[in-house]
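Single-structure report; data block below.
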Amino acid sequence: MSKNWYPVINYSKCNNCGKCVENCNFGVYDKDQYPKPEVINIEGCIEGCNGCANLCPNGAIKYRDTRESGYCGPGCSCKGGCC
Ligand code: SF4
Ligand code: SF4
């Protein structure tokens, strides 16, 4: 579990296919918002897991490692654009 590694969605590339929301079993995404990916639990994400990015057909998911690149996450107004 990590606060340092979590998905950041680039909504300009995302087409709401829902694959990331469906396939993460760690409560990182809000299943109630399916198929839209809403990251609600960054601490649930497994450091080094690339599962949802590997499934994404549009390259819309990157990971933020706060130790190396500063804070970005839920609430950040960039919506993934600065990542
Ligand atoms: S990287 Fe893995 S644990 Fe983290 S949100 Fe994606 S599928 Fe879930
Ligand atoms: S897998 Fe990619 S395109 Fe599909 S909902 Fe998730 S971020 Fe969007």
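The values are calculated or read from the model by the stated rules, or taken from the named source; none is laboratory data. These numbers come from a predicted model, not from an experiment. Cβ atoms come from the backbone with ideal geometry, glycine included; neighbour counts cover every protein chain shown.
If only residues of the range 26-44 that are closer than 9 Å to Tyr6 by Cα and touching a Lys or Arg at 6+ places or on another chain (Cβ under 9 Å) are counted, the one that is nearest to ligand 1 (Cβ to nearest atom) is Ile42. Within the range 19-62, the residues that satisfy the criterion of being polar (S, T, N, Q), more than 10 Å from ligand 2 (Cβ to nearest atom) and under 12 Å from the mean Cα position of the chain (by Cα) are Asn41, Asn50. For the range 51-83, enumerate the residues that are modelled with pLDDT of 90 or more and either part of a loop (DSSP other than H, G, I, E, B) or loosely packed, with under 14 Cβ neighbours inside 10 Å (or both). Hits for the range 51-83 are Asn54, Cys56, Pro57, Asn58, Gly59, Ala60. Would you check which residues across the range 1-18 are in contact with a helix residue (DSSP H, G or I) (Cβ under 6 Å, 6 or more places away or on another chain), near ligand 1 (Cβ under 10 Å from one of its atoms) and either under 16 Å from Gly59 (Cα atoms) or not aliphatic (A, V, I, L, M) (or both) and list them? Once the filter is applied, which keeps residues that are in contact with a helix residue (DSSP H, G or I) (Cβ under 6 Å, 6 or more places away or on another chain), near ligand 1 (Cβ under 10 Å from one of its atoms) and either under 16 Å from Gly59 (Cα atoms) or not aliphatic (A, V, I, L, M) (or both), the range 1-18 yields Tyr6, Pro7.
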